[in-house]
Amino acid sequence: RDERNQSIIVSGESGAGKTVSAKYAMRFFATVGGSASETNIEAKVLASSPIMEAIGNAKTTRNDNSSRFGKYIEIGFDKEYHIIGANMRTYLLEKSRVVFQAEDERNYHIFYQLCASASLPEFKDLGLTCAEDFFYTSQGGDTSIDGMDDAHDFEKTRHAFTLLGVKESHQTTLFRIIAAILHLGNVEIKAERDGDACSVLSEDKSLNHFCVLLGVELSQMQHWLCHRKLVTAAETYVKSMSVQQVVNARSARIPLISKLMMFPLEVMWFSCFTLSQHLLRGFINLIWFETFEVNSFEQFCINYANEKLQQQFNSHVFKLEQEEYMKEEIPWTLIDFCDNQPCIDLIEAKLGILDLLDEECKVPKGTDQNWAQKLYDRHASSLHFQKPRMSNTSFIVLHFADKVEYQSDGFLEKNRDTVYEEQINILKASKYQMVADLFQDEKDAAATTPMGKGAPKISVRSARPVIKAANKEHKKTVGHQFRSSLHLLMETLNATTPHYVRCIKPNDEKLPFRFDPKRVVQQLRACGVLETIRISAASFPSRWSYHDFFNRYRVLMKKRDLSKSNKKQICQNLLEELIKDPDKFQFGRTKIFFRAGQVAYLEKLRADKFRAATIMIQKTVRGWLQRLKYRRERQAAVTIQRYARGR
């Protein structure tokens, strides 16, 4: 109605209902908006949900269907409020989950769905068995989830692919890649020369399956799994890698291959509208603040993102709100709130945690321990940083929601995301075009294949900046890319009118109808809801400029008032007449501020005025029609009587 781009920010703890809330909101707009064309775009928007859940959701200790990546979904509407397309950006897919799961956790659902359907005739060539037989799906222990049927869910996923127009050949290639990832995890690496070198047998069944499924040369992959090429100014030579280096390299290559897990989204979402020319509603659904027994690089990035979102919330609800009251000279008592800017500075400012991490990654023999020591030396005096008493490799950050202890082990390796060029070249040479395309220079560019002639398009893209040259991209650390993508997200959100949905988790046991008051209050305090309630009770949530108020509510004004030139005075006279309680509104320098419910009251008066005018018009027209009908009937009756009497 107001022709403004808007965003809905859904937040809450893992398992609180963020994914379901966003799904319901999308379903609402798809149902109410519909599409103007015959392509049924709203059905395609809804069909994306099972695919996103299969590829991006996994079981954790706190939630059986936890989203392990953040997403920003935009839905575009035309002037008639019909959906004309959609668009999605992804943030921080939890890549490490592909290769490692903690106890009582699972890998992404798609792996278990495919294993559960391995007996189908079309999947015989994948060489799959049950999920318990694969290292990448059995580390967490139990591979099943109570109340979840992986085979049935896989049918839903395949149906969604079909509904979105994904070709059978593309689906088959995608499933081949997922199966190849599982086989790579089972490749057996044998140590040689006291662990300084290693090898893989060419007869290794898992390696053979991997190479066949991805269409790459077995001998090349066997060699470069255990060797790397070193280039100096004078010469180039090949060096054997230790078992640990091979495991690290194999784990680093999985995230690159796992990008293909996002391929279905790139096929099904294609952009069809110019963002500046149409009304948009965006949904941001990020992984909420996390703290586990062992917190590593992934939790650090997730919590950093939530610090930024909390800052955006503080800025919109507290800072901007109270600053506007001051500017408009409205009587106001300032409400204190927790400003988390110092914590954000600790993370992203010059020589902050991320800067020191990137600096240590550039050091030839940099280690996690050296980096942790630099943090102690640099930030010991910070109020938001602490050193644990019993550890020299961990550090504590005091976030807005809670204090979290991070183990520095693995931070450097995950931040570097090291991938060896020789292995990339083997995958580039795959006989399957989709696999080869992933590792080309522009592998992160958004897809542009249309869904069909005249079809609205939808697009998905990685939220990080696209960098053309592959070798340059590998030099960009994960932390640097994530920081850049967060800044882009904040710019997008600040350009919209935000709305907030806070999901509250009632208990930690995943049980229905059980309410834990202490946990609920803890969540309310952590996300600033209590302060929000205070400011909502005391504030004026609705505001109109004098010009807009005059134009909308002039129907309530007296004719003698409309002839006056001072619109501000006219508005003041009207409100003092209609709203008897002076505390329900305030007059600012350029705007009128209203307590909650007052604009709805004025809208009711305006609607009543229009209704009365409509009834008056209807009454007059109906009376005229009845008089006209009466005259015609009377004339006809007189004519009949005249002829009858004459007869």
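With respect to the cross-link table entries Lys308/Lys387; Lys564/Lys591; Lys558/Lys629; Lys18/Lys362, which display a Cα-Cα separation exceeding 26 Å? Before the final figure, lay out each step's value.
On the way: Lys308/Lys387 23 Å; Lys564/Lys591 19 Å; Lys558/Lys629 37 Å; Lys18/Lys362 38 Å.
Violating the 26 Å limit, Cα to Cα: Lys558/Lys629; Lys18/Lys362.
Ignoring everything except DSSP H segments at least 4 long, calculate the 222 nm mean residue ellipticity for the chain; use -39,500 (n - 2.57) per segment, divide by total residues, nearest 500. Let's see the in-between values first.
Numbers: 26 runs with 307 residues, N = 647.
It lands at -14500 deg cm²/dmol.
Once R0 is set to 22 Å, what does the formula 1/(1 + (r/R0)^6) return for the Cβ-Cβ distance between Ala612 and Arg560, expressed as a FRET efficiency to the nearest 0.05?
Details: r = 20 Å, r/R0 = 0.90.
Once rounded, the FRET efficiency stands at 0.65.
Tell me the accessible surface of Val216 in square angstrom (1.4 angstrom probe, heavy atoms of protein chains only), to the nearest ten.
Taking all protein chains as shown, Val216 has close to 20 Å².
Counting only Cα, what are the radius of gyration and maximum Cα-Cα distance Dmax of the chain, in Å?
Computed over the Cα atoms of the chain, radius of gyration and Dmax are 31.5, 132 Å.
To the nearest 10 Å², what's Glu405's accessible area with a 1.4 Å probe?
Here the residue's solvent-accessible area equals roughly 70 Å².
Largest first, how would Phe400, Phe550, Phe515, Phe610 line up by accessible area (1.4 Å probe)? Walk me through the intermediate numbers first.
Numbers: Phe400 40, Phe550 15, Phe515 140, Phe610 95 Å².
Sorted descending by solvent-accessible area, the residues read Phe515, Phe610, Phe400, Phe550.
Which listed residue (Phe134, Ala43, Phe549) has the Cα farthest towards the positive end of the charge dipole for the chain, taking +1 on Lys and Arg C-beta and -1 on Asp and Glu C-beta about the Cα centre?
Phe549
Relative contact order for the chain: what is it in percent, counting Cα pairs under 8 Å that are at least 6 residues apart?
Details: 940 pairs, mean separation 110.3, N = 647.
Over the chain, the number comes to 17 percent.
Give the residue from Thr172, Ala160, Ala596 lying farthest towards the positive end of the charge dipole for the chain; charges sit on Cβ (+1 for Lys and Arg, -1 for Asp and Glu) and the dipole is referred to the Cα centre.
Of the candidates, Ala596 comes out farthest on the positive side.
Where nothing but the Cβ of Lys and Arg (+1) and of Asp and Glu (-1) is charged, how large is the charge dipole of the chain around its Cα centre, in debye to the nearest 20?
Values: 91 positive and 79 negative charges, 1101 e Å.
That gives the chain a dipole magnitude of about 5280 debye.
Could you tell me the extents of segment 543-646's C-alpha atoms along the three principal axes, largest first, rounded to whole Å?
Cα extents, longest axis first: 82, 29, 20 Å.
Compare the Cα positions of Ala305, Ala429, Leu218 along the charge dipole of the chain (+1 at Cβ of Lys, Arg; -1 at Cβ of Asp, Glu; about the Cα centre) and return the one farthest towards the positive end.
Comparing the listed Cα positions along the dipole, Ala305 ranks first.
Over what distance in Å are the Cα centres of segment 384-404 and segment 160-200 separated?
For segment 384-404 versus segment 160-200, the Cα centre distance is 37 Å.
Quick test of the membrane-span-like rule: which DSSP H helices of the chain reach at least 30 Å along their long axis (C-alpha atoms) with mean Kyte hydropathy at least -1.0? List each step's numbers first, then the result.
Details: long enough: 598-646 (71 Å, -0.68).
Correct list, ordered by number: 598-646.
Could you check the simple spin-label distance between Glu155 and Leu524, using points 7 Å along Cα→Cβ, in nm with one decimal?
Spacing of the two 7 Å Cα→Cβ label points: 4.4 nm.
Structure shown: which of Lys23/Lys71; Lys190/Lys431; Lys71/Lys428 lie over 21 Å apart, alpha-carbon to alpha-carbon? If you can, show how the numbers build up before the last one.
Numbers: Lys23/Lys71 12 Å; Lys190/Lys431 29 Å; Lys71/Lys428 28 Å.
Listed pairs above 21 Å: Lys190/Lys431; Lys71/Lys428.
Lys568: which aspartates and glutamates have alpha carbons under 13 Å from its alpha carbon, excluding same-chain residues fewer than 8 sequence positions away?
The reachable aspartates and glutamates, counting only those whose Cα sits under 13 Å from Lys568, are Asp548, Glu576.
With a 1.4 Å probe and all protein chains in place, put Arg502, Arg554 in order of accessible area, largest first.
In descending accessible area the options line up as Arg554, Arg502.
If you place +1 on the Cβ of every Lys and Arg and -1 on the Cβ of every Asp and Glu, how big does the dipole about the Cα centre of segment 557-647 come out, in debye to the nearest 20? Can you show the working numbers first?
Details: 25 positive and 8 negative charges, 169 e Å.
Its charge dipole is roughly 820 debye.
Can you give me the three principal axis dimensions of segment 302-415 from its C-alpha atoms, in Å, biggest first?
Cα extents, longest axis first: 59, 28, 22 Å.
His223 accessible area, nearest 10 Å², 1.4 Å probe?
His223 exposes around 80 Å² with every protein chain in place.
Could you tell me the center-to-center distance, by alpha carbons, between segment 298-353 and segment 109-126 in angstrom?
Here the answer is 47 Å between Cα centres.
Please list, or write none, the lysines whose alpha carbon is within less than 19 Å of the alpha carbon of Lys518, excluding same-chain residues fewer than 8 places away.
Lys403, Lys505, Lys510
Ranked by accessible surface with a 1.4 Å probe, highest first, in what order do His480, His399, His227 come? Mind showing how you got there, number by number?
Numbers: His480 65, His399 15, His227 40 Å².
Correct descending sequence by accessible area is His480, His227, His399.
The values are calculated or read from the model by the stated rules, or taken from the named source; none is laboratory data. For clarity, every value in this text was computed on a predicted model and none was experimentally measured. Note that each Cβ is placed from the backbone with ideal geometry, even for glycine, and that neighbours are counted across all protein chains shown. Surface accessibility is based on the protein's heavy atoms, side chains included, excluding ligands, DNA and RNA. Shrake-Rupley method; radii C 1.70, N 1.55, O 1.52, S 1.80 Å.
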